[in-house]
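> Submitted below is the structure of interest, expressed as structure tokens.
The values are calculated or read from the model by the stated rules, or taken from the named source; none is laboratory data. The structure displayed is predicted, hence computed values, not measured ones. We place every Cβ from the backbone using ideal geometry, glycine too, and count neighbours over all the protein chains shown. Ligands, DNA and RNA are stripped out before the accessible areas are found, and what is left, the full protein with its side chains, is counted by its heavy atoms. Shrake-Rupley method; radii C 1.70, N 1.55, O 1.52, S 1.80 Å.
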Amino acid sequence: AYEILSGLVGSEMCIRDSAWPGNDMKNGVIYMNHENINSVRKLQHAYANGDVEKAMSFFHENASFNDINESNVMNQEQILERDGKIFAGWELDSLDEVGYPDYLEYDWRESKVVMSWWNFRMVRKSDGKKVTVPVHFSDRFDNDGKIVWRTSYWNKSLLDLSLIHISEPTRPERISYA
């Protein structure tokens, strides 16, 4: 039995199963092998090998990029500009897939998402310092197999903090407890 909740969310009416929670409901299928997973792997491989044009070809021309380290969602031009600033001081030594990606085809709103996990092995150009940056991507696909929305989860401070050298003073004067 379903009951209609008052109001609309966007253009959709809110519907709730009155027996929920306690009523298990499926919401699609999870794949461990799918062409959209292959697309993410190909794009990451192209990116790791410096072929940015090929990497970007897997995205819809109007794709959006949401990075938890940034205050605004970016378009292709903005994400490439931002990445250029990062790679001005860092080199990507290797890009390693961690575990295996999942492709989720949700029934609700017919969402299509690949979730993948990667280790970006970075080397600072100035002194050769090595840093591993774990990254999680959530890539939403359209019906044509193009990525329309990418959310990136990673800790930018791993690159920022590595700029601090232990030998550098972090406090201008000694603390006195007298």
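> Identify, from the list GLU105, GLU61, the residue that is at pLDDT 95 or above and exposed (fewer than 11 other Cβ atoms within 10 Å of the Cβ). Break it down stepwise before answering.
Numbers: GLU105 fails: exposed (fewer than 11 other Cβ atoms within 10 Å of the Cβ).
After ruling out the rest, the residue left standing is GLU61.
> Restricting attention to the stretch 66-76, does a residue exist that is in a strand (DSSP E or B) and free of Cβ contacts under 8 Å to residues at least 12 places away in the same chain? If you could, list the steps in order and put the result at the bottom.
First, the residues of the stretch 66-76 that are in a strand (DSSP E or B): 66-67, 74.
Checking which are free of Cβ contacts under 8 Å to residues at least 12 places away in the same chain leaves us with 74.
Scanning the stretch 66-76 turns up at least one residue that is in a strand (DSSP E or B) and free of Cβ contacts under 8 Å to residues at least 12 places away in the same chain.
> Still on this structure, please answer the following. Can you find a residue that is of a type in the set (Phe, Trp, Tyr) and modelled with pLDDT under 95 anywhere in the stretch 115-123?
Applying the first criterion (of a type in the set (Phe, Trp, Tyr)) to the stretch 115-123 yields 117-118, 120.
From what's left, modelled with pLDDT under 95: none.
Checked against the condition, which is being of a type in the set (Phe, Trp, Tyr) and modelled with pLDDT under 95, the stretch 115-123 yields no hits at all.
> With respect to VAL114, is the statement that it is surrounded by 15 or more Cβ atoms within 10 Å (Cβ to Cβ), touching a residue at least 60 places away in the same chain (Cβ under 8 Å) and under 30 Å from ASN33 (Cα atoms) true? Before the answer, list the steps.
On the way: surrounded by 15 or more Cβ atoms within 10 Å (Cβ to Cβ): yes; touching a residue at least 60 places away in the same chain (Cβ under 8 Å): yes; under 30 Å from ASN33 (Cα atoms): yes.
Spelling it out, VAL114 is indeed surrounded by 15 or more Cβ atoms within 10 Å (Cβ to Cβ), touching a residue at least 60 places away in the same chain (Cβ under 8 Å) and under 30 Å from ASN33 (Cα atoms).
Each row is one residue, and each column tells you yes or no for (1) out of contact with any strand residue (DSSP E or B) (no Cβ under 9 Å at 6 or more places or on another chain); (2) assigned to a strand (DSSP E or B); (3) open to solvent by 60 Å² or more (accessible area, probe 1.4 Å).
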residue	(1), (2), (3)
ASP93	no, yes, yes
TYR100	no, no, yes
HIS136	no, yes, no
ARG140	no, yes, yes
ASP144	no, no, yes
